[in-house]
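The values are calculated or read from the model by the stated rules, or taken from the named source; none is laboratory data. Owing to the predicted nature of the structure, the values given are computational and were not obtained by experimental measurement. A quick note on method: Cβ atoms are made from the backbone with ideal geometry, for glycine too, and the neighbour counts reach across all protein chains shown. Side chains included, ligands, DNA and RNA excluded: accessible areas come from the protein's heavy atoms. Shrake-Rupley method; radii C 1.70, N 1.55, O 1.52, S 1.80 Å.
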Amino acid sequence: MIDGLVDDLAGDLPARPLVLISDDIVAPLHARPLLRRLKRRGLTAELLTFPHGEANKSRRTKDRLENRLLELGAGREAVLVAVGGGVTGDLTGFIAATWHRGVPVVQVPTSMLAMADAAVGGKTAVNLPGGKNLVGCFHQPWGVYADVGTLATLDDDRLAEGFAEVVKSAVVGDAELFRWLEAHHESLLARNGAALTRAVAACVRVKSRVVRRDERESGRRAILNFGHTVA
Ligand code: GLY
């Protein structure tokens, strides 16, 4: 995945400064190695980090990251690259949607939940004290690059959160995936790479089918929230 991502960025956006955004846990594991690869390819790239956790999917963190973008001199040519889980993707996507009235965002999900759901479909947002995702917009990513190899750094609980999204995708849109899960859930729990890739690919297909028909959730897309409130 990383090779494909670096090739695509170098091929299609070579002159654009890239700003990677990641939290303090994921940055050393995945964002810094990616930054090094991008720089070795001669691309202009920087990394901004923020403290991990849902509490930082906030206007305050958005504000701080935007001030850092300003200090870097990132203008309308910048491309933001979100490396991490759902918080990073939503926050970075929202910053990209409004930075200089909108710059491209590349999603590099590193959690199962983000690969199976959050990184795909263009929803971006921050939370307010009064509720989750209350300020945000739709901003489709330039690309989504998921490498199940990054899941090796997730603990079992975080991985299970993502598996819940896989079951959701199967229930709402892919009966064949549901049957496959019944037969192969042990492989997923054992973190078998081929099984994880198959599950992520199936979820992305379900989600893109729904989002193509109803990007802004005026109807059908609400089915993708199945189980979220209960969870
Ligand atoms: N996570 C549900 C959606 O993207 O619509």
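Structure above, values below:
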read-out: Cβ pairs under 7 Å, 6+ apart, first in the stretch 191-219 and free of Cβ contacts under 8 Å to residues at least 24 places away in the same chain, second of a type outside the set (G, A, S) and in a helix (DSSP H, G or I); value: A195/H184; A195/L188; R213/R220; D214/R220; D214/R221
read-out: Selection within the stretch 73-120 - within 15 Å of the ligand (Cβ to nearest atom) and assigned to a loop (DSSP other than H, G, I, E, B); value: G85, S111, A119, V120
read-out: Every residue from the stretch 185-197 that is loosely packed, with under 15 Cβ neighbours inside 10 Å and part of a helix (DSSP H, G or I); value: E186, L189, G193, A194
read-out: The one condition in (1) within 16 Å of the ligand (Cβ to nearest atom); (2) free of Cβ contacts under 8 Å to residues at least 60 places away in the same chain; (3) open to solvent by 20 Å² or more (accessible area, probe 1.4 Å) that G162 fails to fulfil; value: (3)
read-out: Hits in the stretch 4-24 - residues which are within 15 Å of V108 (Cα to Cα) and either open to solvent by 50 Å² or more (accessible area, probe 1.4 Å) or part of a strand (DSSP E or B) (or both); value: D7, D8, L18, V19, L20, I21, S22, D23
read-out: Lone qualifier among K123, K132 - being within 15 Å of the ligand (Cβ to nearest atom), surrounded by 17 or more Cβ atoms within 10 Å (Cβ to Cβ) and of a type in the set (K, R); value: K123
read-out: Out of P28, P14, sole residue that is more than 21 Å from T98 (Cβ to Cβ), of a type outside the set (S, T, N, Q) and touching a residue at least 12 places away in the same chain (Cβ under 8 Å); value: P14
read-out: Tally, over the stretch 84-112, of residues that are within 11 Å of V19 (Cβ to Cβ) and β-branched (V, I, T); value: 5
read-out: Filtered residues of the stretch 66-92 (kept if surrounded by fewer than 19 Cβ atoms within 10 Å (Cβ to Cβ) and either more than 18 Å from G143 (Cβ to Cβ) or among the aromatic types (F, W, Y) (or both)); value: E66, N67, R68, L70, E71, L72, G73, G75, R76
read-out: Considering residues of the stretch 198-231 that are open to solvent by 70 Å² or more (accessible area, probe 1.4 Å) and part of a helix (DSSP H, G or I) only, the residue nearest to the ligand (Cβ to nearest atom); value: R220
read-out: Selection status of F178, open to solvent by less than 50 Å² (accessible area, probe 1.4 Å) and more than 12 Å from the ligand (Cβ to nearest atom); value: no
